[in-house]
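The values are calculated or read from the model by the stated rules, or taken from the named source; none is laboratory data. Worth saying up front: this structure is predicted, and the values here are computed from it rather than measured. For neighbour counting, all protein chains shown are included, and Cβ atoms are generated from backbone atoms with ideal geometry for every residue, glycine included. Heads up: the accessible areas ignore ligands, DNA and RNA and are worked out on the full protein's heavy atoms, side chains in. Shrake-Rupley method; radii C 1.70, N 1.55, O 1.52, S 1.80 Å.
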Amino acid sequence: MTAVTASEARPVARRRYRPTRWTVLVAGVVVVPLALMLVFNSWGPLTEESAVRMAFAQVAGQTVAILSALAFVVLTIRRGLDWAATAGALLVAALVISWSAAAIDRAAGDLVDRVATVQSVSLLDD
């Protein structure tokens, strides 16, 4: 038998980072929509452009939430977890999707209200 020297030893492969399914869910449902809301909020006076920007940011954030809920289910299935975890993931995804769909509906109503407010203020200024 020969001894293996340091130069002949195979380098240890680094493990690829795999986010946990809960990290994907929390980042997609909480962090990204909150960040979009903060970035695209109207910090100045309300205008039609800022109202549209805020509505689009809200819809984009909820779309990310829906996609992350679906990714949560896919990661649960691909990692071969038991049926209870899969059923739980499907339940969580259904709740997130229904909540996000309601938030998108509210965004449309908020957009209409904000544009009406801007128009009524502009009529008062004239």
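In table form, for the structure just shown:
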read-out	value
For peptides 96-108, 41-53, sequence by mean Cβ density within 10 Å, most packed first	96-108, 41-53
Per residue, in Å², the accessible surface of the chain once ligands and nucleic acids are set aside, probe 1.4 Å	72 Å²
Cα-based shape type of the stretch 20-60, given that a ≥ b ≥ c are square roots of the gyration tensor eigenvalues and the cut on a/c is 1.5	prolate
Percent accessible area from carbon and sulfur atoms, the stretch 19-92, protein chains only, probe 1.4 Å	77 percent
Surface/4 estimate of mean projected area, convex hull on alpha-carbon atoms of the stretch 37-126, nm²	6.4 nm²
Dipole-positive endmost among LEU90, VAL121, ILE104 within the stretch 79-126 (Cβ charges, Cα centre)	LEU90
Relative contact order (%) - the chain, alpha-carbon pairs under 8 angstrom, separation at least six	28 percent
Relative contact order, percent, the stretch 21-85 [alpha-carbon distance under 8 Å, six or more residues apart]	48 percent
For the chain, calculated [θ]222 nm from helices alone, where every DSSP H run of n ≥ 4 adds -39500 (n - 2.57)	-24500 deg cm²/dmol
